[in-house]
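Provided herewith is a single structure, encoded as structure tokens, for subsequent inquiry.
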Amino acid sequence: VVRSRNKLTWANAGGAHNFFNLKAWWVNGKACPVAFWIGHHPAASLGGQQKLSHPESHYPGISGLLGEPLRLVPTETFGKELLVPADAEIVIEGFAPKDVWESGHYAGDHAKTMIPIGPGPVVQVTCITHRKDAFFHDIKIDLNAIAALMTVIGYSLNDTIVIFDRCREELVIDRNTK
């Protein structure tokens, strides 16, 4: 959630990689480096949603879905300490100061309604980079979308099987009549 020109908060759930990374920096008394990358091939978005054990990286899975290695580049603020996808449309970089949280914001859920969520870590934005003519696209993949996709694939596959089955029947009939 954007709070001001150089400040935002983000929903950082207790079981997510981001939460573990944030806590690791804070335990050492340091602000946590943060980079949000927005806009990429849909396979990158899907790969980023993998459920992995910490500290496994999502980047190899993203590469697998892309069918090629995910190209990474250093961030402007942190250099090689924090890499982001080279093909991201927008990258927002900053620091999450130790133990600084803000609450009272809302987020969209899978049903596309706004729900209140708990406090989120504050991020002091240091840099925003973007591609020329960058555009932001949002792809929401949830169980409803997967069910719809499977239904379409199922109908398409079923129609194809029925069509080929009918063709096979016609070929058998034609062979018997000649």
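The values are calculated or read from the model by the stated rules, or taken from the named source; none is laboratory data. Note that the structure is a prediction, hence the values are computed from the model and not measured. Cβ coordinates were reconstructed from backbone atoms using ideal geometry, including for glycine residues, and neighbour counts include every protein chain displayed. For the accessible areas, the whole protein counts, side chains as well, though only heavy atoms, and no ligand, DNA or RNA atoms are used. Shrake-Rupley method; radii C 1.70, N 1.55, O 1.52, S 1.80 Å.
Within the set of pairs 6 or more residues apart or between chains, which connect a residue that is surrounded by fewer than 14 Cβ atoms within 10 Å (Cβ to Cβ) inside the range 1-20 to a residue that is at pLDDT 75 or above and among the hydrophobic types (A, V, I, L, M, F, W, C) with Cβ atoms less than 6 Å apart?
Val2/Leu8; Asn6/Val125
For residues that are without any contact (Cβ under 8 Å) to a residue 12 or more places away in the chain and small (Gly, Ala, Ser), scanning just the range 47-62, find the one that is farthest from Asp133 (Cα to Cα).
Top of the filtered list is Ser53.
Among the residues of the range 62-120, which ones are among the acidic types (Asp, Glu), modelled with pLDDT of 90 or more and within 22 Å of Gln49 (Cα to Cα)?
Glu68, Asp87, Glu93
Here is a follow-up. Which residues, counting only those in the range 63-91, are in contact with a His (Cβ under 8 Å, 6 or more places away or on another chain) and over 16 Å from Lys132 (Cβ atoms)?
Leu66, Pro85
Any residue at all in the range 36-46 that is over 22 Å from Thr126 (Cβ atoms), open to solvent by 70 Å² or more (accessible area, probe 1.4 Å) and without any contact (Cβ under 8 Å) to a residue 24 or more places away in the chain? Reasoning before the result, please.
Of all residues in the range 36-46, those over 22 Å from Thr126 (Cβ atoms) come to 41-46.
Applying the additional criterion that residues be open to solvent by 70 Å² or more (accessible area, probe 1.4 Å) yields 41, 46.
With without any contact (Cβ under 8 Å) to a residue 24 or more places away in the chain added as a condition, the list becomes none.
Within the range 36-46, not a single residue is over 22 Å from Thr126 (Cβ atoms), open to solvent by 70 Å² or more (accessible area, probe 1.4 Å) and without any contact (Cβ under 8 Å) to a residue 24 or more places away in the chain.
Could you figure out which of (1) of a type outside the set (A, V, I, L, M); (2) free of Cβ contacts under 8 Å to residues at least 40 places away in the same chain; (3) open to solvent by less than 60 Å² (accessible area, probe 1.4 Å) isn't true of Trp26?
Looking at each condition in turn, Trp26 falls short on (2).
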